[in-house]
Amino acid sequence: MHKHIKEQVYKKNQAPTSLLEKSIMYMLLGELQEDNPPKARYYKLPIGKLRQLFGQDITTQALIEATQGLLLRTFVIEEGKKVMGSSYISSAMNIPEENMLEVGVNSMVHPYLLQLRTKYIDALQL
């Protein structure tokens, strides 16, 4: 089951993915499990751990910009005659009272993100 994933970025967002965006995706991939319920694909990422991974303090504005970047960046997956386009995440909510970032993942994208997890996270044994 080999997929061809092509990233397409809106003209407005042609800059490379920021380090904070990569840190959010890295943490998100680490949270994904095959047995996550299909209707409940929301993941709470501790902002403290995100700060450690990012290596510096994270302002609310930086968090907003990084999550907006992930919401606007799209990719296309071609599987046989099927073609699916999506963003990396479907939603993001900063929850200051819990010191968490809640990130939503589209249920159609979940299996493909699991493949990325296997390729990148599990390969590093983290």
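Which ones in the range 42-62 are closer than 20 Å to residue 87 by Cα and crowded, with 18+ Cβ neighbours inside 10 Å?
Across the range 42-62, the qualifying residues are 43, 45.
Please determine whether any residue of the range 72-83 is assigned to a helix (DSSP H, G or I), in contact with a helix residue (DSSP H, G or I) (Cβ under 6 Å, 6 or more places away or on another chain) and more than 12 Å from residue 43 (Cβ to Cβ).
yes
Among all residue pairs at least 6 apart or on different chains, which show Cβ distances below 6 Å where the first residue, located in the range 111-124, is of a type in the set (D, E, K, R) and the second is modelled with pLDDT of 80 or more?
Sorted first by the residue in the range 111-124, then by its partner, the pairs are 117/29; 117/32.
Pairs please, first residue from the range 15-37 and free of Cβ contacts under 8 Å to residues at least 24 places away in the same chain, second anywhere and surrounded by 19 or more Cβ atoms within 10 Å (Cβ to Cβ), Cβ atoms under 8 Å, 6+ apart in sequence or on different chains.
31/43; 31/45
Identify, please: which residue in the range 84-108 is more than 10 Å from the chain's Cα centre (by Cα) and part of a loop (DSSP other than H, G, I, E, B) and is, among those, nearest to residue 27 (Cα to Cα)?
Here the residue is 99.
I'd like to know if the range 18-27 contains one or more residues that are surrounded by 15 or more Cβ atoms within 10 Å (Cβ to Cβ) and in contact with a Pro (Cβ under 7 Å, 6 or more places away or on another chain).
So far as the range 18-27 goes, no, none of its residues is surrounded by 15 or more Cβ atoms within 10 Å (Cβ to Cβ) and in contact with a Pro (Cβ under 7 Å, 6 or more places away or on another chain).
Residue by residue, here is whether (1) within 20 Å of residue 95 (Cβ to Cβ); (2) at pLDDT below 75; (3) not in a loop (DSSP other than H, G, I, E, B) holds:
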site: 5; (1), (2), (3): no, yes, yes
site: 12; (1), (2), (3): no, yes, yes
site: 16; (1), (2), (3): no, yes, no
site: 23; (1), (2), (3): yes, no, yes
site: 34; (1), (2), (3): no, no, no
site: 38; (1), (2), (3): no, yes, no
site: 43; (1), (2), (3): yes, no, yes
site: 48; (1), (2), (3): yes, no, yes
site: 51; (1), (2), (3): yes, no, yes
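Is it the case that the range 52-67 has a residue that's under 23 Å from residue 108 (Cβ atoms) and without any contact (Cβ under 8 Å) to a residue 40 or more places away in the chain?
no
Across the range 68-98, what is the number of residues that are basic (Lys, Arg) and either closer than 15 Å to residue 17 by Cβ or touching a residue at least 60 places away in the same chain (Cβ under 8 Å) (or both)?
The total comes to 1.
The values are calculated or read from the model by the stated rules, or taken from the named source; none is laboratory data. From a predicted model like this one, the values you see are computed outputs, not experimental measurements. Every residue, glycine as well, gets a Cβ built from its backbone with ideal geometry; the counts of neighbours run over all protein chains shown.
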